[in-house]
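What follows is one structure encoded as structure tokens, with my remarks underneath.
Only the coordinates and a few stated rules stand behind these numbers; no lab work does. Note that the coordinates shown come from a computational prediction; the quantities given were computed from them, not determined experimentally. Heads up, the Cβs are rebuilt from the backbone with ideal geometry, glycines too, and the neighbour counts pull from every protein chain shown.
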Amino acid sequence: MAETTTPYAGSNFTADLAPGSLITQDGQMQWAGLLIGPGTPFAVDKSGLSGWEDLPEYDSSDADRPTSHGAWPGSRYAKPRKVGGTIVLMPEWNQATEAVRALRQSLALLDEERWLTVRLHGEMLTVRARIAQRVVPADQGFATQGSSRMSIQWLASDPRRYVVNEQLATATAPQPESGLTWPLVWPLFWGQAKSTGDAVVENIGSAPAHPVIVFRGPCSMPTVTERTSRRRLRYGIDLAAGDELVIDTRAGTVLLNNSASRLHTAMADSSPEELFVLDPGRTELSFRPDEATEDALMTVRWRSAEW
């Protein structure tokens, strides 16, 4: 007799798969390597998810006015996002054990965050999260059939929800015009620059997004400036051909060739990495190294962010 397999056999439900890679229809959600929702044994209760479309809680630096009504408005910083819901486990009669084991594996206590992705109205948004709570009543239905109504809660340290697809923009170092050619002919033509050194990025969401910026040599003193706010990242380092300086503005790290930290090379006029964000809308960035060849390149990677 041929061996019977189940949809859970050989699966790694804690695998950090690409966000939304398993989702095929509205109402589904993907947690790491586990698909939840229509078409699966793990249905979402009709009450839906809590904390997904809500604004996260926040800390405020408002200061009360000592001699007047009200307060002086200060900065507000969002706390981690809590996402919860009730999952209805309804496995096939001969797959209860495998389904329960899949849940144990996927809903375990892990130190590292995984992608939690939800698709609603054709839009997929994702967060990095960990399991914070798993409540599975071991009632009669669970004991006899493996069915249960379980409460699950995720905790996302970064409360922003991101568009699944990462975007990318590049700019080469600015190159001068070729200049006038002789003999002169009116109207004069000064030539066209091969590269302006500028890049345009667009955050289509409602929350600021932290980009990852990569400078590739050969160039010296790699610098990027946001043209409206004048925020700047500038590093006193020479990059040889093939060298890459990777700035993760969310993590606040500056790595040379993804290994050695070069955070100490930040110049005095360079902004703190965590404050270099892409505000909602269109942002113009200028790549201006002190010296560079035509091969020098700036790459910007980002995901549009939503509250």
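Globularity index of the stretch 29-163 is 1.33 (Cα radius of gyration / 2.2 N^0.38 Å, N = number of residues). Cα extents for the stretch 191-302 along the principal axes, largest to smallest and rounded to whole angstrom: 41, 38, 23. Assuming R0 = 30 Å, can you tell me the calculated FRET efficiency for the pair GLN167 and THR97, based on Cβ-Cβ distance, to the nearest 0.05? Efficiency computed from Cβ-Cβ geometry: 0.10.
Since only GLY197, LEU110, ALA18 are under comparison, the one whose Cα sits farthest along the positive direction of the charge dipole of the chain, derived from C-beta charges on Lys, Arg, Asp and Glu, is LEU110. What percent do you get for the relative contact order of the stretch 218-277 when only Cα pairs under 8 Å and 6+ apart count? That works out to 33 percent. The label point for ASP16 and the one for ASP59, both projected 7 Å from the Cα toward the Cβ, are 2.5 nm apart.
In the chain, helical runs assigned H by DSSP with n ≥ 4 each contribute -39500 (n - 2.57); averaged across all residues and rounded to the nearest 500, the mean residue ellipticity at 222 nm is -1500 deg cm²/dmol.
Can you give the angle from 0 to 90° between the axis of helix 96-106 and the longest principal axis of the chain, with both taken from C-alpha atoms, to the nearest 10? Around 30 degrees separate the two axes. Beyond 38 Å, what share of the Cα-Cα pairs of the chain is found? Please give it as a whole percent. In whole percent, the share of Cα-Cα pairs in the chain beyond 38 Å is 35. With contacts taken as Cα pairs under 8 Å and at least 6 residues apart, the stretch 29-163 reaches a relative contact order of 28 percent. In this structure, the amide hydrogen of THR253, modeled 1.01 Å from its nitrogen in the peptide plane, lies closer than 5 angstrom to those of ASP248, counting only residues at least 5 positions away or on a different chain. Computed over the chain, relative contact order equals 17 percent, with contacts defined as Cα pairs under 8 Å that lie 6+ residues apart. Going from the residue with the fewest nearby Cβ atoms within 10 Å to the one with the most, PHE42, PHE13 rank PHE13, PHE42.
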